[in-house]
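Laboratory data are not the source of any read-out in this text; all were calculated from the coordinates shown. What you see is a predicted model, and the numbers here were worked out from it, not measured in a lab. Cβ: placed from backbone, ideal geometry, glycine included. Neighbour counts: every protein chain shown.
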Amino acid sequence: MCLSIPSKVVKINEDKTMCTVDTMGVQRDANLMMMADDEVKVGDYVLLHIGFVMNKIDEEEALASIATYKEILELMDEEERKRAILEDDECPARGEQYAEELETDGRA
């Protein structure tokens, strides 16, 4: 199962088709093509699915979700945390391009 953790938009490229998001300290690129023009701004919280921004959520809801996720992580032992991270990185919904990026970056 893939879990969507709220991510904060930290940068939007000039043509507004891609952005950089921060998910609990990890930054990654995300595609904005599923959103209306100018709907997402720097500082907004969004939910991603397979590399696409799917919707925008309000900051209060985002921060509450992040706090809950951190509580869950605190209850897990080190091995469970590692397994959860690996399962997220290997989520089949991410597709072939994501797998290739992992190999290129040396993370696979």
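Observations, loosely collected:
- FRET efficiency, 1/(1 + (r/R0)^6) with R0 22 Å, evaluated for Gln27 and Glu74 via beta carbons: 0.45
- Counting only lysines at least 8 places from Lys41 when in the same chain, those with an alpha carbon closer than 29 Å to its own are Lys8, Lys11, Lys16, Lys56, Lys70.
- Among Met33, Met18, Met54, a tally of other beta-carbon atoms within 10 Å of each Cβ gives an order, fewest to most, of Met33, Met54, Met18.
- Cα→Cβ-extended label distance, 7 Å offset, between Arg83 and Asp38, nm: 4.9
- Label sites at Leu3 and Leu63, each approximated as a point 7 angstrom past Cα along Cα to Cβ, lie 2.1 nm apart.
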